[in-house]
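The values are calculated or read from the model by the stated rules, or taken from the named source; none is laboratory data. All figures in this text were calculated on a predicted structure; none of them were measured in a lab. With ideal geometry, Cβ positions are generated from the backbone for all residues, glycine too; neighbour counts draw on all protein chains shown. Accessible surface areas use protein heavy atoms only, side chains included; no ligands, DNA or RNA. Shrake-Rupley method; radii C 1.70, N 1.55, O 1.52, S 1.80 Å.
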Amino acid sequence: MLRFFVIFLSTFLVFSCKDSNIPADSFISLGDFSLIPEVKEYESTSGILELGADVSIEWEGVVSEFIYQEIQSEWDEIMSGSHSDESSTELEVIVDDHHMEYQHPEEYCLTIEKRDIKIEASTLVGVYRGWQTLRQILYLSNQKSIGTGVIRDYPRFDYRGTMLDVARHFFSVDEVKRYIDQLTFYKINYLHLHLSDDQGWRIHINSWPELTAIGGQSQVDGGDAGFYTQKEYQDIVAYAADRFVTIVPEIDMPGHTNAALASYAELNCDNKKRELYYGREVGFSTLCVDREETYQFAEDVIRELAEITPGPYIHIGGDETHATPEDDYIKFVNRVMPMVGKYGKKVIGWDEINLGELPQDAAVQFWASKENAQNAVKKGSKVLMSPASYAYLDMKYDSLTPIGYNWAGYIDTERAYSWDPELLVEGINREDILGIEAPLWGETITNSEEIEYLAFPRILGYAEKGWSDTSDSRTWDEYKIDLVAHGAILERLGINFYRDPKVNWTLDSD
Ligand code: ACM
C-alpha cells in the first residue's frame with residue numbers, strides 16, 4: 001500500500017461514495033493499489049473513474065509510436081472482458097520539456113480524474129514510467145472503477161538493473177527480449193549482459209572472429225551454445241532502448257577468459273590455445289598481461305563494442321583473477337580502463353578494479369569486498385550495489401531450491417527485500433551510489449522458465465529498493481501483502497515465479 005506523503009481525503013471520499021450511491025467495494029481507491037515499486041507521493045481525491053474497455057489517446061508534445069502502440073495493445077489485453085464493453089477511457093499524454101519543473105528525467109505525474117486520465121512528464125522515459133504505473137493499476141483494478149487522485153513519482157537511483165549471464169549458458173535473442181519485457185513492468189532500466197567467460201564468448205568481434213567461431217561453441221555441460229552476431233546484439237539493444245532499458249555489455253578480463261584463450265594462441269603466455277571449457281569452477285584462466293597482443297585484443301573488443309552500444313557504460317569484468325598475480329592485474333586494468341574512455345564510454349568493473357587507477361567517471365560494482373567498495377568511494381568513484389549475499393539472483397531461496405547456488409547463503413524473498421543500499425556499507429552513502437543491480441549468473445539455468453524462477457519474485461524487491469526512497473520504505477510484512485497481488489499478475493503474464501511459502505499467494509493455479 002502507498003503510505004507516505006499522503007493527503008487523505010478519505011472521509012470526504014466515503015461521504016461522496018454514499019452520495020453517489022456507489023458501493024465502496026465497487027471501486028479501488030488510489031492509495032489501495034499494490035504498486036511495486038511503491039510510488040513517491042500520492043493524493044486521493046473524491047471522485048471515481050470507470051475504466052473503459054478501450055482507450056482513446058490524445059498526445060501532446062514529442063510522440064513515441066512505440067509507447068502509443070504498447071498502451072493501445074496492453075489496454076485491450078488487460079481490459080478484455082471488462083464489464084463496460086461499450087466505453088472508452090480518454091488518456092491524455094503530455095510531454096512538456098519547457099514548463100514542468102521536474103527534478104528527474106524519469107519523473108512523471110499521473111492524474112486520474114472522473115472522466116479521463118493524464119500522464120505528464122518532461123521526457124518520453126518519464127511517460128513510459130508513468131504508463132507502467134497505470135498499467136499496474138489496470139491489472140490491479142480487477143475490472144472495478146478507480147478512485148481519482150494524483151501520483152507524482154521519480155526514482156531514488158538512476159541505475160536500477162539486473163545482469164543476465166549469457167556466457168555460462170547461452171540465451172537466445174528471444175529469451176533476452178522476453179526478460180526485458182518483464183523488467184520494464186517494474187521500472188528496471190539497465191540490463192547488464194555478461195557476454196564472455198571461461199565457458200563461452202557470446203558477441204561476434206569482427207577483428208577477432210575466432211572468439212565466436214571457437215569460443216562461442218561451448219557452454220556449461222555442453223549442448224547447443226552460440227553467440228550473438230553484431231546485428232543480433234544491436235537488435236537486443238534497440239529492443240531494450242524502445243522500452244527505456246539500457247544494455248551494459250561486459251567482457252570479463254583478465255580472468256574468466258578461457259573461451260578467448262581457446263580461440264587465440266597469442267593471448268596465452270605459452271602461445272598455446274587452451275581447450276574449450278564445460279565445467280563450473282572459476283579462477284584458473286588469465287590473459288597474458290606481458291604480451292602486446294593482449295592489449296590489441298582488449299582495445300579491439302572495446303572499440304567494436306563501443307561502436308554498437310549506445311549506452312554510456314562498458315563493463316570490463318575484472319573479478320576473481322586468481323591466476324593473475326596482483327602486480328600483473330594492476331598493470332592490466334591500468335592499461336585497459338582508459339581504453340573505455342578513449343571510445344567514449346564509462347568503465348564499470350567488479351569491485352576488484354579498485355586496485356587500479358580508476359578513471360574519474362568509473363563505477364565499481366560491489367559484490368564481495370566492502371573494502372574495495374569503500375576505497376573506490378574514497379577515490380571519488382560511484383558504487384553499483386550488488387552484494388552477493390543479498391542481491392545475487394542465482395542464490396537458492398532455500399535448501400529445496402532445485403537450481404542455483406548457495407555459496408553466498410540462501411536468499412529468500414524476505415532476505416532479498418530486507419536490506420538497504422544506503423545502510424549496508426559504512427562510508428558508502430546515497431551520493432556515492434550509482435544504483436543497484438541484481439546479477440543472475442547462469443551456471444545452473446538453461447531456459448526462460450529457469451531465469452524467471454530465480455528472478456521472480458525477488459526482482460520486484462530489488463526494483464523497489466532502486467526506485468523508492470528509504471524514507472518511504474515499508475516493512476517486509478507490509479510489502480508481502482502487496483506481493484500477493486503481483487503473484488496474480490505474474491501468473492496472468494505467464495511468468496514462472498517461485499511461490500515463496502512466506503507469502504500467502506492467492507493464485508488461480510493453486
Ligand atoms: C562475481 O560474482 N564473480 C562477480
Original post:
Per residue, how many Å² of accessible area does the stretch 307-380 show with a 1.4 Å probe?
Top reply: 42
Subject >> Loop sites in the stretch 419-500: trypsin sites (Lys or Arg not before Pro), DSSP, at most 16 other Cβ within 10 Å >> reply: ARG499
**OP:** Could you give the size of the charge dipole of the stretch 276-401 about its Cα centre, using +1 on the Cβ of each K and R and -1 on the Cβ of each D and E, expressed in debye and rounded to the nearest 20?
**Re:** 500
**OP:** Could you give the size of the charge dipole of the stretch 47-114 about its Cα centre, using +1 on the Cβ of each K and R and -1 on the Cβ of each D and E, expressed in debye and rounded to the nearest 20?
**Re:** 140
Original post:
With contacts defined as alpha carbon pairs under 8 Å and 6 or more residues apart, what's the relative contact order of the stretch 388-510 in percent?
Top reply: 26
Subject >> Relative contact order %, the stretch 335-413, counting alpha carbon pairs below 8 Å whose residues are six or more apart >> reply: 20
**OP:** Identify, among TRP208, ILE251, ASN271, the residue whose Cα sits farthest towards the positive end of the charge dipole of the stretch 196-276, taking +1 on the Cβ of Lys and Arg and -1 on the Cβ of Asp and Glu, with the dipole about the Cα centre.
**Re:** TRP208
Original post:
Which is farthest toward the positive dipole end of the stretch 331-454 among VAL383, MET339, SER418, measuring Cα position about the Cα centre, with Cβ charges +1 (Lys, Arg) and -1 (Asp, Glu)?
Top reply: MET339
Original post:
For the pair GLN234 and GLU90, what calculated FRET efficiency results from E = 1/(1 + (r/R0)^6), where r is the Cβ-Cβ distance and R0 = 45 Å, to the nearest 0.05?
Top reply: 0.75
Original post:
If each Cα of the stretch 100-255 is one equal point scatterer, what is log10 of I(q)/I(0) from the Debye formula at q = 0.12 Å⁻¹?
Top reply: -0.63
Original post:
In the calculated pair distance distribution of the chain, what percentage of Cα-Cα distances lie above 42 Å?
Top reply: 21
**OP:** Would you mind calculating the relative contact order of the chain from Cα pairs under 8 angstrom and at least 6 residues apart, reporting the percent as a whole number?
**Re:** 13
**OP:** For the chain, with all protein chains present and a 1.4 Å probe, just round the carbon and sulfur fraction of the accessible area to a whole percent.
**Re:** 48
**OP:** Would you compute, from DSSP H runs of 4+ residues alone, the mean residue ellipticity of the chain at 222 nm, taking -39500 (n - 2.57) per run and dividing by the full residue count, rounded to the nearest 500?
**Re:** -9500 deg cm²/dmol
**OP:** Once you've got the Cα coordinates, tell me which of LYS187/LYS396; LYS40/LYS114; LYS345/LYS382; LYS346/LYS382 are over 19 Å apart.
**Re:** LYS187/LYS396; LYS40/LYS114
Subject >> Signed unit charges on C-beta, dipole axis of the stretch 111-245, positive-most listed residue ILE151, GLY223, ILE188 >> reply: ILE151
Original post:
Given +1 on the Cβ of Lys and Arg, -1 on the Cβ of Asp and Glu, and no further charges, what dipole in debye does the stretch 409-510 carry about its Cα centre, rounded to the nearest 20?
Top reply: 180
**OP:** With a probe of 1.4 Å, find how much accessible area the stretch 429-498 has per residue, and write the answer as a whole number in Å².
**Re:** 28
Subject >> Inter-centroid distance (Cα atoms) of the stretch 27-83 relative to the stretch 191-257, Å >> reply: 37
Original post:
So for the pair THR506, ALA265, with labels modelled 7 Å out along Cα→Cβ, what separation do we get in nm?
Top reply: 6.9
